[in-house]
Amino acid sequence: MQDVSYYRPSSIKEAIKILSEHGPTAKVLAGGTDVIVQARERTKKITAFVDIKKIPDVMGLGIEGHRGLTIGAATPMYQIYNHSGVQEEYPAIIDSANIIGGKAIQGRASLGGNLCNGSPAADTIPTLIVLEGTANIIGPNGERKIAIEDFCTGPGKTLLQHDEILISLHFKRPAPFSGSRFIRFIPRNEMDIAVVNVASQIQMDGNKIESSRVAIGACAPTPLLLKEISNFIQGKELSQDLLENAAELFNNLITPIEDMRGSPEHRVDLAKTLFKRTMNDAVIRSNGEKVQ
Amino acid sequence: MSKKIVISTDLNGDITEFIADERDSLLDALRERIGLTGVKEGCNNGNCGACAVLLDGILVNSCCVMAAEVDGGSVTTVEGIALENELHPVQQAFLNEAALQCGICTPGFLVAAKALLDTNPEPTEEEIRFWLAGNLCRCTGYDKIITAVQEASKSMQKK
Amino acid sequence: MVSTQKKADKTYKVIGTRPVRPDGVDKVTGRAKYGADIQLPGMLFGRVLRSPHAHAIIKKIDTSKALALPGVKSVITHKDLPTAADAALNLGETTDNLKWISDKVLAAEDALFHGQALAAVAAVDKHIAEDALALIDVEYEILEPVLSVHTAMDKKTPSIHDNMKTVDMIARFQVGEISETQINNVASILDLELGDLDAGFKEADIIIEREFETGTYHQGYIESHNGTAQWNENDEVTVWLSTQGAFNARDQLAALLQVPMSKIKVIPMEIGGGFGGKIPMYMEPLAAIMSKQTGKPVKMHMQRDEVLLATGPTSATYIKVKVGAKNDGTIVAADAYLAYEAGAYPGSPVSGGGVSMFMPYAIPNVRALCLDVIVNKTKTAAYRAPGVPAAAFAIESIIDELAEKLEIDPIAIRMHNAAEEGTRRHDGVLAPSMAVKELLEEAQATEHWNAELSDPSIGRGIAIGAWGNGGMESSASASINSDGTINLNTGSVDIGGQRASLAMQLAETLGVEYDSIKPQVVDTDSIGYTAVSAGSRTTFATGIAVIEVGNKIKKQIINRVATFWEIDANALKYNDDGSVSSPDKIINFKEIAAMLPNTGGRIQASIDIQATTHVPTIACHIVDVKVDEETGKVDILRSTALQDVGKAIHPAYVEGQTQGGILQGIGMALYEEYYYDDKGILKNASLLDYRMPTSYDVPFTEIILVEKPNPGHPFGVKGVGEVPIVPPLAAVANAIYDAVGVRPNILPVNPRRLSVLLKEKNNK
Ligand SMILES: Cc1cc2nc3c(=O)[nH]c(=O)nc-3n(C[C@H](O)[C@H](O)[C@H](O)COP(=O)(O)OP(=O)(O)OC[C@H]3O[C@@H](n4cnc5c(N)ncnc54)[C@H](O)[C@@H]3O)c2cc1C
Ligand code: FES
Ligand code: FES
């Protein structure tokens, strides 16, 4: 472990002060499942942990009627997937939260950490994107909001400044007849990093696709929102042919890399398959039914 | 040399004060500073579950927790899951079902299985397998571990 | 889950029952002490600096900055090791050379693989030791790495070791002369031949020739290597460690440290898995040297990436096999070429593969040409049935294809060619009693084999495999306490329940309760030489030692009772329940024990045996898989393992061994593999990316134990640990073929590889 100091502020103000004074090698510590490992393996220079879990603003979650869902940035995954409101209205968040690491990782890992860590393969980001999440941020200069689709800028890079803190994530109330689904592909069945992951959100008008959002991970330097796909299927009657044709767009939309987890060809094939599967499941959910 | 810090935590039911290095993980502190070597290190990066403990009642990997974080909290390790003078049903089931071979993964499995049964007293086979997927065992092929958790669930129902 | 046992005829009182293991309570309460759990006053923590390059000349190592760091007590490099002789050293399952072990412990002139140890540090705290590593400056001249057997053997490729000559092997472990055939970067050749291949192939109606590859697989024990050493001022060294063989470790340490064997005491701690991988020495000698330099105990505990990078996984392989058969399924000739990666130093288990792959079959004309090839990767070590899973994958895939082409049932074709007692093998040995046919009959009768497949995307595969098992040397001693309890000491490290299986054999021999025996694994000062717990030998060979000790004790008891009763010993009988009787008197075991102190003292016996009566065992795996053709992902739906165990002493532990072995085999078939980049850098040195199966990846494996006793063991034990890992690779591959009509020839057949095969099929 690198030579780190540990701070446990009890207010946002205090936390920001520590981060500002310490400079960029001070890191927010949420669940620590990324940042503690990075500090130990010395993949990043880290000299201080600023543990935010005693700050009430970043912990917990709640649904406020029509105003939608707010999740504290450092709320651990297990609290999220055990929340009945989220289960009912935002099932794609459950799809994501339930597969991050194993149960012991989920006891700690947070959405804020997953997002701020900025991994191209992060398993919650595509979901947060298709649900039109916004990030509420506070820094030395006050508050700001960023759409999650804009949040990541490169592998491990985000728009967040080193002395800013992500406070919470906000999601509007899902529209009627809408559904969402996240699926990742891994060679094992648990405990693995996505070869490709896809989240789809769809709003139906009878059999017509009223609107949709599709995001993909592990196929580019950041998770991507694929507007081209939505434009292609929007306003059309849902059919397997339509999805097949839309899936062909992936050939030109993504240029994934070759690495130990996958080849470009396999990733494009998987993207198409996961797109179709998430779409079909999202449609099932838009009817108020459950997917297996 | 990094700083030494004093930590006070409810450890297996007793308030315990100890000195740790500021850069110790909870796993480092439990093993090297306190001597609770029942908590095992298999990977030191969250991948194997051998170091699993309960932190404020929640299952975590102690290698992915800083020791400093548990100040004022509570920690339960494998050394603390037995009932007074009697093994926890899950420990007894592991013995009866021969669910350990080398035994290095056992402490992590026991703590994880206890956490499962605390929240879901009658899990299905699928739920047990999913819950334990963060714990690696290389000796047993998991068969007898799954059976032991099923056994423990049954024996806890009887009580 | 079902578990069936096809029992041998004889009935026993203790053997075949399932008592709780003696070390069980300690292990479920966290009290058991494994190697890394040792804490000594004043103890220092050691760490190792490793090469970031796969092939480089080490031009300079500057340790001065590291030494200057407060808290650092010792920094060593290769020059601090005693010079090692260029001599062979027997390591139980494999042989090794001392110079190579020494270079692997700390590199001398070159770094020959990514992760090779270059320097070591001891400091007052593990964080400081780690800080110190970052302060060691190393200057490298980077060389091109050699990363496959094909490049290695190419004449244009430079030799990794100057002056290395290809030697002939005469048998699996016996090194012969320098070979007439010299192949670049090939350390040794074993050429086994029986009959007349050309003539054999001429008789064939069908000939199939295929190439196969398997990846580098790690044993994956959950406990990382560790060792703690205390070097005393009188040059006595105590070492606490997790090893499969305390004596083997002691002898390696003695050679490496140049200290007399008697001055080294190895204390074997509880061991968290080994599977063959915890036999070689890695950082234990470094701990000893740094202890010598500092006068303090030094503990070392590898991080997981170090385990994957720098300990000994099994060889990646290239295997080409040609098999000829007649239309009725009779195999008339088989020709195999096996090239195994040894890693950076010689000693792959290629000969194990070449010998064992044909063991289940009677083939009149056979050849196996085995090459041990040097590449710039970590030196391989033994891994459960070393060398055999890959070779069995090759032959069992071809047999499956033969069966299909000849339209013969896959079990029938294997039955038709099954080896029997007396079959001449290509390694010259006459096959002893084996249970190939019995096992296949059982397989044929399983509900699994006869069940309908519910879906066209589901396929079923079967494969068998053999492992020769091990004998070797074992010691045991036992003493009787005055209350009738017995202490049993052995030198065999308990890696999966052997304390129980040994105590059970002594209990059966003496006719006493299992619970009255307290078995212990003791250190190298306290018992006679005992070879490694490996090669599936412990319950068999140390079992024989324990039975012999029991027999000696029985004899002494008879004599003592004879003296006590003043009667001729020949008139006494030692009964099955541990009592001794004359025609008119009887005394039970407890009473005997109680009278011992006052009739000449308590009884103790010890023995050292060399077991040679081991015989091969056979295993069979039946597996159903479901293939997702869109993604290339394979799921295991159902799994049944059959195994001839000779005699299951403790059936639950036998089942556990089988289930564990099957899962490792499934890992080899589907998930696990070292991923090196083109510079020879290992990219997946973590348990997240080196994908071992989790509980969520597999169903229960149904176990069917077949007991065909080994005539060379009093209770019929053969050895069970290794053979179950052999069949699953081919069984899974054959099941995939059954499901989707493509034959995986490279393992692991992960989704990426299978999707390529499926595309090729669909484009045809
Ligand atoms: C064994 C294992 C398995 C894993 N499996 C998966 C997986 O399947 N899928 C997946 O996507 N990830 C996985 N991860 C990665 C990790 O668990 C997730 O990314 C997790 O969501 C991170 O959350 P955290 O709270 O632990 O973040 P931390 O480690 O606490 O923080 C991560 C980064 O974000 C910063 N940060 C955190 N919170 C804030 C905030 N509120 N404001 C500003 N900056 C902040 C930190 O400074 C740090 O740089 C795995 C990790 C491990 C160890
Ligand atoms: S040691 Fe903590 S998860 Fe492996
Ligand atoms: S019993 Fe050895 S790793 Fe589980």
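The values are calculated or read from the model by the stated rules, or taken from the named source; none is laboratory data. Here the structure is a predicted model, which means the values were calculated and not measured. Here the Cβ is made from the backbone with ideal geometry for all residues, glycine too, and neighbour counts use every protein chain on show.
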Margin query: Just to be sure I understand, how many residues within the range B:132-159 are more than 16 Å from ligand 1 (Cβ to nearest atom) and assigned to a helix (DSSP H, G or I)?
Written below: 16
Check: In the range C:628-648, what residues are of a type in the set (A, V, I, L, M), surrounded by 24 or more Cβ atoms within 10 Å (Cβ to Cβ) and more than 13 Å from chain B (Cβ to nearest Cβ)?
Finding: C:V634, C:L642, C:V645
Checklist line | Filter result for C:L81 (within 14 Å of another protein chain (Cβ to nearest Cβ) and in contact (Cβ under 8 Å) with a residue 40 or more places away in the chain) | finding: no
Next item on the list: Keeping to the range C:1-59, report how many residues are in a strand (DSSP E or B), within 11 Å of another protein chain (Cβ to nearest Cβ) and modelled with pLDDT of 95 or more.
Entry: 2
Note to self: Being surrounded by 24 or more Cβ atoms within 10 Å (Cβ to Cβ) and within 16 Å of ligand 1 (Cβ to nearest atom) narrows it down to one residue among C:I222, C:I289, C:I319; which is it?
What the structure shows: C:I222
Note to self: If I ask for residues that are near ligand 2 (Cβ under 6 Å from one of its atoms) and more than 7 Å from every other protein chain (Cβ to nearest Cβ), which ones from the range B:46-60 would you list?
What the structure shows: B:C51
Margin query: Of everything in the range C:570-586, what is among the aliphatic types (A, V, I, L, M) and more than 45 Å from the chain's Cα centre (by Cα)? Give them in sequence order.
Written below: C:A571, C:I586
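Yes/no per residue for (1) within 16 Å of ligand 3 (Cβ to nearest atom); (2) crowded, with 19+ Cβ neighbours inside 10 Å; (3) not acidic (D, E):
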| site | (1), (2), (3) |
| --- | --- |
| A:M59 | no, yes, yes |
| A:G65 | no, no, yes |
| A:V86 | no, yes, yes |
| A:D95 | no, yes, no |
| A:N98 | no, no, yes |
| A:Q106 | no, yes, yes |
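Tell me, which strands (runs of 3 or more DSSP E) wholly within the range C:583-685 include 3 or more residues that are among the aromatic types (F, W, Y), under 30 Å from C:A476 (Cβ atoms) and away from ligand 1 (no atom under 16 Å from the Cβ)?
Output list is empty.
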Notebook entry, point to check: Residues in the range B:132-149 that are within 12 Å of ligand 3 (Cβ to nearest atom) and either within 11 Å of chain A (Cβ to nearest Cβ) or over 22 Å from C:E223 (Cβ atoms) (or both): how many?
Noted result: 3
Margin query: Yes or no: the range A:260-272 includes at least one residue that is under 21 Å from the mean Cα position of the chain (by Cα), surrounded by fewer than 23 Cβ atoms within 10 Å (Cβ to Cβ) and within 14 Å of another protein chain (Cβ to nearest Cβ).
Written below: yes
Margin query: Just to be sure I understand, how many residues within the range B:75-110 are within 16 Å of ligand 1 (Cβ to nearest atom) and either facing another protein chain (nearest Cβ under 7 Å) or β-branched (V, I, T) (or both)?
Written below: 1
Next item on the list: Can you give me the number of residues within the range C:515-526 that are outside any strand (DSSP E or B), touching a residue at least 60 places away in the same chain (Cβ under 8 Å) and surrounded by 20 or more Cβ atoms within 10 Å (Cβ to Cβ)?
Entry: 1
Next item on the list: Identify, from the list B:C63, B:C43, the residue that is within 9 Å of another protein chain (Cβ to nearest Cβ) and either touching a Gly at 6+ places or on another chain (Cβ under 8 Å) or closer than 21 Å to A:K27 by Cα (or both).
Entry: B:C63
Notebook entry, point to check: Within the range C:263-283, is even one residue buried (at least 24 other Cβ atoms within 10 Å of the Cβ), assigned to a helix (DSSP H, G or I) and more than 16 Å from ligand 3 (Cβ to nearest atom)?
Noted result: no
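Answer yes if at least one residue in the range C:239-258 is on the phi > 0 side of the Ramachandran plot and touching a Pro at 6+ places or on another chain (Cβ under 6 Å), and no otherwise.
The answer is yes, given that some residue of the range C:239-258 is on the phi > 0 side of the Ramachandran plot and touching a Pro at 6+ places or on another chain (Cβ under 6 Å).
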Notebook entry, point to check: What helices (runs of 4 or more DSSP H) lie completely within the range B:31-131 and have 3 or more residues being within 16 Å of ligand 3 (Cβ to nearest atom) and within 16 Å of the chain's Cα centre (by Cα)?
Noted result: B:89-96, B:106-119
Notebook entry, point to check: Are any of the residues in the range B:5-21 part of a helix (DSSP H, G or I), at the interface with another protein chain (Cβ under 10 Å from one of its Cβ atoms), at pLDDT 95 or above and away from ligand 3 (no atom under 15 Å from the Cβ)?
Noted result: no
Check: Are there any pairs with C-beta distances below 7 angstrom linking a residue in the range C:675-688 that is within 11 Å of another protein chain (Cβ to nearest Cβ) to a residue that is β-branched (V, I, T) and part of a loop (DSSP other than H, G, I, E, B), with the two at least 6 apart or on different chains, and if so which?
Finding: C:L688/A:I193
Next item on the list: Sort out for me the helices (runs of 4 or more DSSP H) sitting completely within the range C:342-427 that have 1 or more residues that are among the aromatic types (F, W, Y).
Entry: C:388-405
Margin query: Can you confirm whether A:G102 is within 16 Å of ligand 3 (Cβ to nearest atom), more than 22 Å from A:E143 (Cβ to Cβ) and in contact with a helix residue (DSSP H, G or I) (Cβ under 6 Å, 6 or more places away or on another chain)?
Written below: yes
Margin query: Just to be sure I understand, how many residues within the range C:239-263 are touching a residue at least 40 places away in the same chain (Cβ under 8 Å) and more than 24 Å from C:A32 (Cα to Cα)?
Written below: 6
Note to self: Test of understanding: among A:Q106, A:Q87, A:Q2, which residue is near ligand 1 (Cβ under 9 Å from one of its atoms) and either touching a Pro at 6+ places or on another chain (Cβ under 7 Å) or not hydroxyl-bearing (S, T, Y) (or both)?
What the structure shows: A:Q106
Item checked: the range A:14-51, subset touching a residue at least 60 places away in the same chain (Cβ under 8 Å) and within 7 Å of ligand 1 (Cβ to nearest atom), residue farthest from the other protein chains (Cβ to nearest Cβ) -> A:V28
